[in-house]
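Student: Okay, here's the structure, questions in a sec.
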Amino acid sequence: MLDYIIYGVVDNGIMILGAMTGYELERYLPEKYQKGLGAVVGAGLGNTTSDFLGGMSTLNLELATGTAAGCIIGLLFIPIIIYSKRFYFFLKLRMNNNSYFGEEF
């Protein structure tokens, strides 16, 4: 039981450290990118690192690299979500400016 508690503390500790590092580094980015994205990316990279180290703690290289690869693939959802959100707001703005779509039926 103690092993699981220690693993959980280390796992979340590394993820929180990654999030806080990303949050701190964000202020050095251009102002248009200072929207909390650094914390999200930092948390994702921290989670990747902690999962890799967790897999290595079991001395299973396949588990460690597979989990880390899955986490990195999961990080690809960040730009997809951001661009999808921008596209949605673009379409919404475009539809509201067009009188045909703005009319009530």
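The values are calculated or read from the model by the stated rules, or taken from the named source; none is laboratory data. Fair warning: this is a prediction, and the values are worked out from it, not measured in the lab. As a convention, Cβ positions derive from the backbone with ideal geometry for all residues, glycine included, and neighbour counts pool all protein chains shown.
Student: Sort out which residues of segment 61-83 are exposed (fewer than 13 other Cβ atoms within 10 Å of the Cβ), of a type outside the set (D, E, K, R) and farther than 18 Å from ILE14 by Cβ, and write them in order of number.
Tutor: If the condition is that a residue be exposed (fewer than 13 other Cβ atoms within 10 Å of the Cβ), of a type outside the set (D, E, K, R) and farther than 18 Å from ILE14 by Cβ, then LEU61, ILE73, LEU76, PHE77, PRO79, ILE80, ILE81, TYR83 are the ones that fit.
Student: In segment 36-44, is there at least one residue being part of a helix (DSSP H, G or I) and modelled with pLDDT under 80? Quick ask: steps written out before the conclusion?
Tutor: First pass over segment 36-44, keeping only residues part of a helix (DSSP H, G or I): 37-44.
Adding the requirement that they be modelled with pLDDT under 80 leaves none.
Checked against the condition, which is being part of a helix (DSSP H, G or I) and modelled with pLDDT under 80, segment 36-44 yields no hits at all.
Student: Among TYR28, TYR7, TYR33, TYR88, which is the only one that is surrounded by fewer than 16 Cβ atoms within 10 Å (Cβ to Cβ), aromatic (Phe, Trp, Tyr) and modelled with pLDDT of 85 or more?
Tutor: On the way: TYR28 fails: modelled with pLDDT of 85 or more; TYR7 fails: modelled with pLDDT of 85 or more; TYR33 fails: modelled with pLDDT of 85 or more.
Step by step, each of TYR28, TYR7, TYR33, TYR88 is checked, and only TYR88 is surrounded by fewer than 16 Cβ atoms within 10 Å (Cβ to Cβ), aromatic (Phe, Trp, Tyr) and modelled with pLDDT of 85 or more.
Student: Is it the case that some residue within segment 54-69 is in a helix (DSSP H, G or I), of a type outside the set (A, V, I, L, M) and free of Cβ contacts under 8 Å to residues at least 12 places away in the same chain? Full working, then the answer.
Tutor: Pass one, segment 54-69, residues in a helix (DSSP H, G or I): 54-57, 61-69.
If we keep only those that are of a type outside the set (A, V, I, L, M) too, we end up with 54-55, 57, 62, 65-67.
Restricting the remaining residues to those that are free of Cβ contacts under 8 Å to residues at least 12 places away in the same chain gives 62, 66.
Yes: segment 54-69 contains one or more residues that are in a helix (DSSP H, G or I), of a type outside the set (A, V, I, L, M) and free of Cβ contacts under 8 Å to residues at least 12 places away in the same chain.
Student: Looking at this structure, is PHE52 more than 15 Å from the chain's Cα centre (by Cα) and exposed (fewer than 12 other Cβ atoms within 10 Å of the Cβ)?
Tutor: Spelling it out, it is not the case that PHE52 is more than 15 Å from the chain's Cα centre (by Cα) and exposed (fewer than 12 other Cβ atoms within 10 Å of the Cβ).
Student: Only one of MET20, MET95 is part of a helix (DSSP H, G or I) and surrounded by 13 or more Cβ atoms within 10 Å (Cβ to Cβ); which? Write out each step before concluding.
Tutor: On the way: MET95 fails: surrounded by 13 or more Cβ atoms within 10 Å (Cβ to Cβ).
Exactly one of MET20, MET95 is part of a helix (DSSP H, G or I) and surrounded by 13 or more Cβ atoms within 10 Å (Cβ to Cβ), namely MET20.
Student: Yes or no: segment 5-15 includes at least one residue that is free of Cβ contacts under 8 Å to residues at least 12 places away in the same chain, of a type in the set (Val, Ile, Thr) and outside any helix (DSSP H, G or I).
Tutor: Taking every residue of segment 5-15 in turn, none turns out to be free of Cβ contacts under 8 Å to residues at least 12 places away in the same chain, of a type in the set (Val, Ile, Thr) and outside any helix (DSSP H, G or I).
Student: Separate question: Look at GLY46 and say whether it is touching a helix residue (DSSP H, G or I) at 6+ places or on another chain (Cβ under 6 Å) and without any contact (Cβ under 8 Å) to a residue 60 or more places away in the chain.
Tutor: Values: touching a helix residue (DSSP H, G or I) at 6+ places or on another chain (Cβ under 6 Å): yes; without any contact (Cβ under 8 Å) to a residue 60 or more places away in the chain: yes.
Yes, satisfied.
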